[in-house]
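Below is one structure, written out as structure tokens; the observations come after it.
The values are calculated or read from the model by the stated rules, or taken from the named source; none is laboratory data. Because the structure is a prediction, the values reported are computed rather than measured. Note that we place each Cβ from the backbone using ideal geometry, even for glycine, and neighbour counts take in every protein chain shown.
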Amino acid sequence: MNNNNKTTNQWAVRIVLALGVLALGLIIMTVFNPWRTPRLGRIYDYLAKMGTAGFLLIVALVLRKSMRLNKYWLIPFAFFVLTVAIGLDFIFAQYLIQYLGVNDLTPIGWALPKLNELFVVLSVILVFTFLSGDQLGSIYIQKGNLKMGYSIGLIGFLFFAVSAIPMASLFNAQDLSLSRILPWIPWILIYVFANATMEELLFRGLFLRKLEPFFGKFVSNLLIAIIFSVIHLSGNLTGDERIFVAFLFPFALLLGYIMQKTDSVWGSILFHAGMDIPVIIGIFSNL
């Protein structure tokens, strides 16, 4: 095979793989989105999640044993972990709401389930990361360039915190004032840091390093940013979700860039937590 044909084949494989990553990520997060009512009904949703997770695990293990294809095995394995995490997230979130009497009518009723989500998702990611033979650094839980990460993250966090009240109007905020927000601060902080940690690990942490050998840093970040942005179409956070997603997409790219640049998750978590402040203030104002 000459070099031109070899290069063409390599690009064809990358394009097919990229489209497969996009399609699988969007299908899993659209059909099995744990933050809304199941599309398939509760029983069929559980069965579909179990079947999808089992299929992805089998594919990953088959690829791992293949001499020719074992370099790809971590990609379906990451999607397996994603499916298990969001499946257990939905089950335990429902348990908390139904059996512990938590509801979404108060700020604490938003903060505690989100903390519960973080525990479930983080546990799944850590357990399967270690079972796969990887270290915490493979999901960016490491020191990295800590000074740069904290500096960028803190600047972003403070910017969104200071401008939170005017920005909250984008998220249908009602009757906001500093005196009204002050009692919410503990629950705001719990929510935004739990949500930021969960989402950064569930998307960028879990996938970026696994995709980079095939696509490089930019395209890997681009693929995850698309999936991350599109799943927010079902959030009903603004009057026009398409505008919200268009606004979110460059920030999703930025979060991935921060993680890759600092070689750790901490700066992205800080920046992401700040981004969530005006969103959750808008939600709390309507409770």
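Here are the numbers:
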{"quantity": "Scope region 246-284; condition buried (at least 23 other Cβ atoms within 10 Å of the Cβ) and not in a helix (DSSP H, G or I); matching residues", "calculated": "S264, V265"}
{"quantity": "Yes/no for A78 being part of a helix (DSSP H, G or I), at negative phi, among the small types (G, A, S) and under 20 Å from the mean Cα position of the chain (by Cα)", "calculated": "yes"}
{"quantity": "Which numbered condition I28 misses (of (1) surrounded by 11 or more Cβ atoms within 10 Å (Cβ to Cβ); (2) without any contact (Cβ under 8 Å) to a residue 24 or more places away in the chain)", "calculated": "(2)"}
{"quantity": "Selection within region 156-215 - among the hydroxyl-bearing types (S, T, Y) and under 14 Å from S268 (Cβ atoms)", "calculated": "T197"}
{"quantity": "Candidate set from region 132-147 (those that are under 18 Å from T197 (Cα atoms) and in a helix (DSSP H, G or I)); member that is farthest from the chain's Cα centre (by Cα)", "calculated": "L146"}
{"quantity": "Flag if G87 is over 15 Å from the mean Cα position of the chain (by Cα) and either crowded, with 17+ Cβ neighbours inside 10 Å or modelled with pLDDT of 95 or more (or both)", "calculated": "no"}
{"quantity": "Residue in region 35-46 that is at pLDDT 90 or above, surrounded by 14 or more Cβ atoms within 10 Å (Cβ to Cβ) and either in a helix (DSSP H, G or I) or of a type outside the set (G, A, S) (or both) present", "calculated": "no"}
{"quantity": "Condition check for G156: part of a loop (DSSP other than H, G, I, E, B), surrounded by 19 or more Cβ atoms within 10 Å (Cβ to Cβ) and touching a residue at least 60 places away in the same chain (Cβ under 8 Å)", "calculated": "no"}
